[in-house]
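The values are calculated or read from the model by the stated rules, or taken from the named source; none is laboratory data. Fair warning: this is a prediction, and the values are worked out from it, not measured in the lab. Methodologically, a virtual Cβ is constructed for each residue, glycine included, from the backbone with ideal geometry; neighbour enumeration extends over all protein chains shown. Accessible surface areas use protein heavy atoms only, side chains included; no ligands, DNA or RNA. Shrake-Rupley method; radii C 1.70, N 1.55, O 1.52, S 1.80 Å.
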Amino acid sequence: MRIVILPTELEVSRFAADIISDVIKKKSRSVLGFATGSSPLATYEILIEKYRKGELSFKHVSTFNLDEYVGLKHNHSQSYRYFMNEHLFQHIDIDIQNINFPECINNDFKECSANYESLITKQGGIDLQLLGLGNNGHIGFNEPTSSLSSKTRIKTLTKKTIESNSRFFDPSEFQPSLAITMGIGTILQSKKILLIVTGDNKKKAVVDMIEGPISAFCPASALQLHNNTVVVVDEAAAANLQLSEYYVHSESMHLNSTSDRIAPKINAN
Ligand code: F6R
């Protein structure tokens, strides 16, 4: 795991947006995995800015979102499709045919989940998967005790998630208690993973993910098994890491590069 600790959320977002841009610039037909939630919002804004300045085009990019609620219409303000349209897709030149969500119209969840996996494979796999981190270590809707080799499937939301989301729904309105999510095994198949995490309230999950044992109790700890993961974290979320000095030292060898290439400082003598 490459751990990049930066002072603020803005710097985290800039770094993440640069990584995503580098991937697209290297391969215009990139397949990107996207996440919703508050963590990637500023990163999406920066990507939009890069597109507006003519620095970046999403014309040939395909996307696969991590998860989606079951039972919400596309245009429901709480659907993840709506979220992505609002915060990214409608502001860039992406072809809507290339946007994918793990949705299920016919209620055959097994078939829909298997189709999502096949579609990802057919596209050649995900080049870069963007992730946020839940307070309890979840990634996607893979809550603690999810199988570390799970594939796309239907999951029951935790009571806590349902309760905390209830504020976004009218009391008389249907509120989903199910979601379809990529599995941890699906995420681990991505060629590169970029996880962004900020804020004091995530510091325990950050320690469990990076320095804890690999355990289904912290789904994100499975990322320790992936050989091309970058975690970009702000100082508040990194506060409890035991080896933060080492991560900062090691990162200084990257010379703050967003590329994978390590450019060591070589003694000229
Ligand atoms: C969203 C997702 C979730 C979030 C996580 C963190 O598609 O898959 O796992 O990434 O809940 O959410 P925020 O960023 O709102 O703290």
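Pairs of alpha-carbon atoms within less than 8 angstrom and 6+ residues apart define the contacts here; what relative contact order does the range 2-257 have, in percent? The partial results should precede the final answer.
Details: 488 pairs, mean separation 64.1, N = 256.
Dividing the mean separation by the residue count of the range 2-257 yields 25 percent.
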*Using the C-alpha atoms of the range 2-257, what convex hull volume per residue, in cubic angstrom, is computed?*
122
*Along Cα→Cβ, 7 Å out, is where each label goes; now give me the distance between the ones at Ser215 and Tyr246 in nm to one decimal.*
2.0
*Evaluate the charge dipole of the chain about its Cα centre and quote only its size in Debye, nearest 20, assuming +1 on the Cβ of each Lys and Arg and -1 on the Cβ of each Asp and Glu.*
600
*Considering amide H positions built from the backbone, and no H for Pro or chain starts, which residues 5 or more places from Gln129, or on another chain, come under 5 Å of its amide H?*
Gly33, Lys192, Ile193, Leu194
*How about the chain: what cysteines have no other cysteine beta carbon under 4.7 Å from their own?*
Cys218
*What's the lysine pair count for the range 128-216 at a Cα cut-off below 25 Å, pairs eight or more apart or interchain?*
17
*Of the beta bridges DSSP finds with both residues in the range 2-257, what % are antiparallel, to the nearest 5?*
30
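Send over a whole-number figure in Å² for the accessible area per residue of the range 1-40, probe 1.4 Å.
On a per-residue basis, 40 Å².
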*Stretch Gln175-His60 to full length: gain in nm at 0.36 nm per residue minus the Cα-Cα span?*
37.9 nm
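Computing the accessible area with a 1.4 Å probe over protein heavy atoms, can you report the carbon and sulfur percentage for the range 2-257?
Percent of accessible area from carbon and sulfur atoms in the range 2-257: 51.
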